[in-house]
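Encoded as structure tokens, the structure appears first; notes follow it.
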Amino acid sequence: MKRIKVSKLCGVLLGVLLLCACGGEEEEETTAREHVREERTLEKEENVKEEKEEAEPEEPEEVEKAEDGRDELLEKVLKKSGAAEDQLQCFEYDDFDNDGTYEAFALIGEKMDDYGDGPVVEGALWFVTADKCEQLAETGGMGYRDTARTMEIGGTNYVMFDEIYVTEAVTRVWYVSGGAKEAVFSGCGNVAEPTEKDRFCIMNSSYDAFLDPDMGMPSGHTWKYYYFFYNSEEGEVNEYAGTTIDAATVEYLCGRDLLAEIMSDSDTIDGIFCRGNGHIVINYEYNEGGTVNFEHYIYDFTEGHYVDDYGQELSEAEAQLGTCASSICPFIASYPEVPGPGDMVWYGE
């Protein structure tokens with residue numbers, strides 16, 4: 001009797017175990033089916049996403065339409081100017097003001113012989129959009145260089161055309177804001193290619209190296225860099241103009257008597273000023289054989305070295321020809337506050 005009861009009990013236990021095992025298998029199968037279902041759902045969603053991305057181009061439709069309008073603008077400016085197609089020497093086409101529609105600057109005229117870096121064009125500069133077409137300026141000097149240059153300063157796109165003269169180039173600078181606008185620093189000299197963000201230089205030429213008594217006027221052609229920057233607080237381009245300072249302030253800024261190191265007894269200081277980029281300029285003159293010679297030194301007190309008229313570092317003091325102006329664009333000049341001892345600082349001219 002006892003053996004029969006044990007056998008029955010074992011049978012019951014075995015049945016329970018088998019039932020649990022079957023239940024576990026069914027639960028695993030259910031979980032597996034759910035995973036497969038989830039993977040298929042994710043796969044479908046990914047396919048739909050890819051098909052949607054392929055169907056929708058990244059660039060807005062209006063930009064593509066604007067780009068397709070290049071030929072229309074070209075035809076429009078040729079018709080308005082009355083020029084033949086072979087007179088179109090330069091066509092600078094882009095969305096310069098980033099409003100989704102495109103504009104163009106066109107240089108139209110006769111291509112002359114090469115001069116310096118290439119041919120020049122005698123003619124006129126035009127601006128054209130879908131709504132307007134106007135002549136901006138006629139070429140001056142020997143003509144415009146036959147290519148345009150561009151630069152971005154403070155988020156504004158500038159288009160530049162170099163007007164060529166016998167010994168210099170003057171850059172005419174334009175931007176787009178409700179039409180073509182000429183920049184305030186246009187025509188101040190030859191704009192150099194920017195080497196750092198939101199800063200650039202303009203090469204200005206003048207005849208100021210010496211004064212011959214027999215001639216009665218300064219002579220000697222010189223070329224010098226002047227420095228410009230984007231003033232983020234004002235939202236406009238400014239020039240690093242020079243604040244007038246004295247010898248004591250020079251010594252204070254440089255940590256040594258700089259003037260005693262470079263000036264001789266025959267030199268007469270005509271003026272000293274400091275620009276907001278850290279350049280101290282010392283203009284002076286001396287007489288030699290009846291001719292008055294004008295020269296200057298440039299010292300970067302923030303970096304602790306001399307520089308030449310083109311911003312290049314010099315290993316030692318080296319006089320530069322001519323008289324350096326405190327500003328060539330006084331209407332956008334920014335005169336810095338210069339630290340110094342006492343009340344020895346005055347502001348620019």
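Coordinate-derived values only; no laboratory data. Everything numeric here is computed off the predicted structure, so don't read it as measured data. Neighbour counts run over all protein chains shown; Cβ positions are idealised from the backbone, glycine included.
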Inset, instruction - Report the net charge of residues surrounding Cys201, where surrounding means a beta-carbon distance below 13 angstrom and charges are Lys +1, Arg +1, Asp -1, Glu -1. - result: -3
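Using +1 on the beta carbon of Lys and Arg, -1 on that of Asp and Glu, and nothing else charged, what's the dipole of the stretch 196-349 about the Cα centre, debye to 20? It would help to have the intermediate numbers written out before the result.
Numbers: 5 positive and 29 negative charges, 69 e Å.
With only Lys, Arg, Asp and Glu charged at Cβ, the dipole is about 340 debye.
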Inset, instruction - Just flag the trypsin sites (Lys or Arg not before Pro) in the stretch 119-205 sitting in loop per DSSP whose Cβ has no more than 16 other Cβ atoms within 10 Å. - result: Lys132, Lys197
Legend entry - Charge tally in the Cβ shell below 15 Å around Leu125, where Lys, Arg are +1 and Asp, Glu are -1, Leu125 excluded: -3
Inset, instruction - Give the relative contact order (percent, whole number) for the stretch 196-349; include only Cα pairs under 8 Å separated by 6+ residues. - result: 26
Inset, instruction - Over 30 Å between C-alpha atoms is what I'm after, so list which of Lys181/Lys224; Lys79/Lys197; Lys80/Lys224; Lys132/Lys224; Lys79/Lys111; Lys111/Lys181 land there. - result: Lys79/Lys197; Lys80/Lys224; Lys132/Lys224
Legend entry - Within-12-Å neighbourhood charge of Ala180 [Cβ basis; K, R +1; D, E -1]: -2
Inset, instruction - On a C-alpha basis, how far is the centre of the stretch 179-212 from the centre of the stretch 254-299 in Å? Whole number, if you could? - result: 23
